[in-house]
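Data first, discussion second: the structure below is written as structure tokens.
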Amino acid sequence: MRAARRRGMWLLVMAIAATALLNGCSLQEENATASPAAQKVYIAPGSYDEFYAFMSGGFSGQVSVYGLPSGRLLRVIPVFSQNPENAYGYSEETKAMLETTHGFVPWDDAHHPKLSQTNGVADGRWLFINGNNTPRIARLNLATFETDEILEIPNSAGNHASPFLTENTEYVVAAVRFSLPIPQKDVPIASYKENFRGSFSFIKVDPQSGHMAIAFQILMPGLNYDLAHAGKGPSHGWSFFTSYNSEQANTLLEVNASQNDKDYIAAVNWKMAEELIASGAGEEMAGEYCHNYLGADRIARSEKLNGTKVLRPQDHPGLVYFIPTPKSPHGCDIDPSGEYIVAGGKLATVIPVHSFSKMLKAIEAKDFDGELDGIPILKYDAVLAGEVQNPGLGPLHTEFDGKGYAYTSMFVSSEIVKWKLGSWEVVDRMPVYYSIGHLLIPGGDSRQPWGKYVIALNKITKDRYLPTGPEITQSAQLIDITGEKMQMLLDFPTVGEPHYAQAIPADLITKNSVKYFSMQENTHPYAAKSESEARVERNGTDVHVYLTTIRTHFAPDNIEGIQVGDKVYFHVTNLEQDWDVPHGFAMIGAQTTELLVMPGETRTIIWEPKRVGVFPFYCTDFCSALHQEMQGWIRVSPKGSNVPLKFGTGV
Ligand code: K7E
Ligand code: CUA
């Protein structure tokens, strides 16, 4: 028995040794390469990273911000999910940001961050990201690192092919992954082919304020529109969307939507759509949606809007074309020149690359291969620029280094494949651990990549990190791409599952960074802009506490005359006018969260006392040496008691 076990162990050791040999990699070799790699990611204590990376949190619904090349986590920016750390989605000022036509929705699944662009280059002003589940687009302000606006998309479900920006951020584009009856109606699911449609939404972005407004929608056949990118340079004016399920199956899609050899990329001439809308074309379609935004007083508001202009491609020849693309394509990526459209055919054996100029010629020559719902299907060979042969298994997404090379993630074979634009030959491979989804090169989907690193965004890490129960972290891997061969530099864990990510040179962000909010410009109606304005006001059972914070006390810090059954609003104004001095506020029994109040701002939570007694509140952010002393008490008396309302510093 024991001998057998020992023999088993021996075989295992042999097997591991053999694997190491096969991989051409021993521990010694790994250690030998570790030191130069470590140097490339080492940022000395106190020094800044070269790039910011913004990563989607996937099912966390948030955006996380990293420094590159160190892989240090700098911040999590709450977007579609409540965040107790800073009361986003809990405080009275931010709750409206999560309103939808389905009511208050405190979570979503966020996939694709996209930096705003000017002339096809990231400009560091805003970051857009999609809510996939309850279709929404958020706009983050990169001066404050907070969510400024969330727009719900009507006539949509599975808002996955979004948000993809045109090259001057004229439009944010969003498409439907899960087709649905548009407008919604009660029909049998089996009537999919007849009743289900997709939509492409074009959302206008105000060039100064960034405010979003739905300009128009294009009603599409009922396919699954998966990903998109807008054209650039010569192809500016067009947007491209991959689709799968050209079978239009409504059950067991894993089999039924994988029948056809080719699905499509939809090519949309949005300049033409814009002209059509300007000349009065399109019909008005009802459809409610919420528009939520942070006002100048830093309070979020939610307005309900209704109706969009809708264009039907059948009525407007030239508006949309289908390009056949093998097979259930996923990623849809345009190279920096704007000529090549790369599809990641997740079940395909090649990476197909379409040519924009050939597409225009094929359209002119009417090189069609039938139509789908009145939309012409172009001939595959008439549009194809080339195919990357034997790239690996499961190509998903492609980014570009600006030096003539493309990098494609291979989900099934867990690798990044580097190939040459024009000759389509594979020139290098890098194994990644494991099951890579998206990948990212700073500026790698723009006209100007900063092609220093590629980052693998991995779904599964198995044995790469210390075990943390049934779920092990998802992770990123940083790879140097400055040489001919890729060089693995660093593994670092991510927050949630990163689908897409974006990165940008740090100085494009830091130059606009807000250090504190000006107290003079605080127009919050419940602000107490100095300690002399701090007070408590009763209005029936509503009690408004105008509370101020400054190192290291609250004003008032003694409050009496509160009664069981009151609704107490704590309006906390942070009087500090200095960088990096937030104060916190926590009230025992409050059923929301703490508050974290930035210098110069006012934030509110509600407390409903249920018991008689004297209750403490305190600051949750270690703000100075006397932070522990930053506290106060509230006396709660029975309902109808004649204890008078009193407040101050010592009452
Ligand atoms: Cu994860 Cu872009 Cu939602 Cu591919 S998608 S991996
Ligand atoms: Cu204020 Cu701690």
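The values are calculated or read from the model by the stated rules, or taken from the named source; none is laboratory data. Source: prediction; values computed, not measured. Here Cβ is always computed from backbone atoms with ideal geometry, including for glycine, and neighbour counts include all displayed protein chains. Keep in mind that these areas ignore ligands, DNA and RNA; they rest on the heavy atoms of the full protein, side chains included. Shrake-Rupley method; radii C 1.70, N 1.55, O 1.52, S 1.80 Å.
A few notes on this one:
- Test: residue in region 552-565 that is more than 16 Å from ligand 2 (Cβ to nearest atom), assigned to a loop (DSSP other than H, G, I, E, B) and open to solvent by less than 70 Å² (accessible area, probe 1.4 Å): yes
- Residues that are among the aliphatic types (A, V, I, L, M) and within 11 Å of ligand 2 (Cβ to nearest atom) within region 582-594 comprise just one, A586.
- A single entry from K420, K459 fulfils the requirement of being surrounded by fewer than 21 Cβ atoms within 10 Å (Cβ to Cβ), among the basic types (K, R) and more than 25 Å from S337 (Cβ to Cβ): K459.
- Test: residue in region 205-214 that is open to solvent by 30 Å² or more (accessible area, probe 1.4 Å), out of contact with any strand residue (DSSP E or B) (no Cβ under 8 Å at 6 or more places or on another chain) and in contact (Cβ under 8 Å) with a residue 40 or more places away in the chain: no
- Those strands (runs of 3 or more DSSP E) lying entirely in region 51-99 with at least 2 residues open to solvent by less than 10 Å² (accessible area, probe 1.4 Å): 51-56, 63-68
- Looking only at residues of region 183-197 that are in contact with a Gly (Cβ under 8 Å, 6 or more places away or on another chain) and either among the hydrophobic types (A, V, I, L, M, F, W, C) or assigned to a loop (DSSP other than H, G, I, E, B) (or both), we find that the one that is most open to solvent (accessible area, probe 1.4 Å) is P183.
- Cross-chain or 6+ apart pairs with Cβ under 6 Å, region 488-503 first and in contact (Cβ under 8 Å) with a residue 40 or more places away in the chain and among the charged types (D, E, K, R), then part of a strand (DSSP E or B) and more than 12 Å from ligand 1 (Cβ to nearest atom): D491/S475; D491/Q477
- A506 being among the small types (G, A, S), open to solvent by less than 10 Å² (accessible area, probe 1.4 Å) and modelled with pLDDT of 95 or more: no
- Test: residue in region 285-305 that is more than 23 Å from the chain's Cα centre (by Cα), assigned to a loop (DSSP other than H, G, I, E, B) and acidic (D, E): yes
- Members of region 606-624 found to be in contact (Cβ under 8 Å) with a residue 60 or more places away in the chain and either farther than 27 Å from G89 by Cα or more than 8 Å from ligand 2 (Cβ to nearest atom) (or both), listed by number: I606, F617, S624
- Of all the listed residues (Y434, Y407), the sole one being under 32 Å from the mean Cα position of the chain (by Cα) and buried (at least 24 other Cβ atoms within 10 Å of the Cβ) is Y407.
- Per-region count, region 321-332, residues out of contact with any helix residue (DSSP H, G or I) (no Cβ under 8 Å at 6 or more places or on another chain) and open to solvent by 10 Å² or more (accessible area, probe 1.4 Å): 3
- Filter pass, R551 being more than 16 Å from ligand 1 (Cβ to nearest atom), touching a strand residue (DSSP E or B) at 6+ places or on another chain (Cβ under 7 Å) and among the basic types (K, R): no
- The set of residues in region 346-366 that are crowded, with 17+ Cβ neighbours inside 10 Å and more than 21 Å from S328 (Cα to Cα) comprises K358, A362, I363.
- Yes/no for I189 being at pLDDT 95 or above, under 15 Å from the mean Cα position of the chain (by Cα) and among the β-branched types (V, I, T): no
- Residue match in region 424-439 (condition: away from ligand 1 (no atom under 16 Å from the Cβ), out of contact with any strand residue (DSSP E or B) (no Cβ under 8 Å at 6 or more places or on another chain) and more than 30 Å from T602 (Cβ to Cβ)): no
- Candidate set from region 252-276 (those that are open to solvent by 40 Å² or more (accessible area, probe 1.4 Å) and in contact (Cβ under 8 Å) with a residue 40 or more places away in the chain); member that is farthest from M220 (Cα to Cα): D261
Quick grid of which residues meet (1) farther than 22 Å from S81 by Cα; (2) more than 39 Å from the chain's Cα centre (by Cα):
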residue	(1), (2)
D566	yes, yes
Y569	yes, no
P582	no, no
Q591	no, no
E601	no, no
H627	yes, no
P638	yes, yes
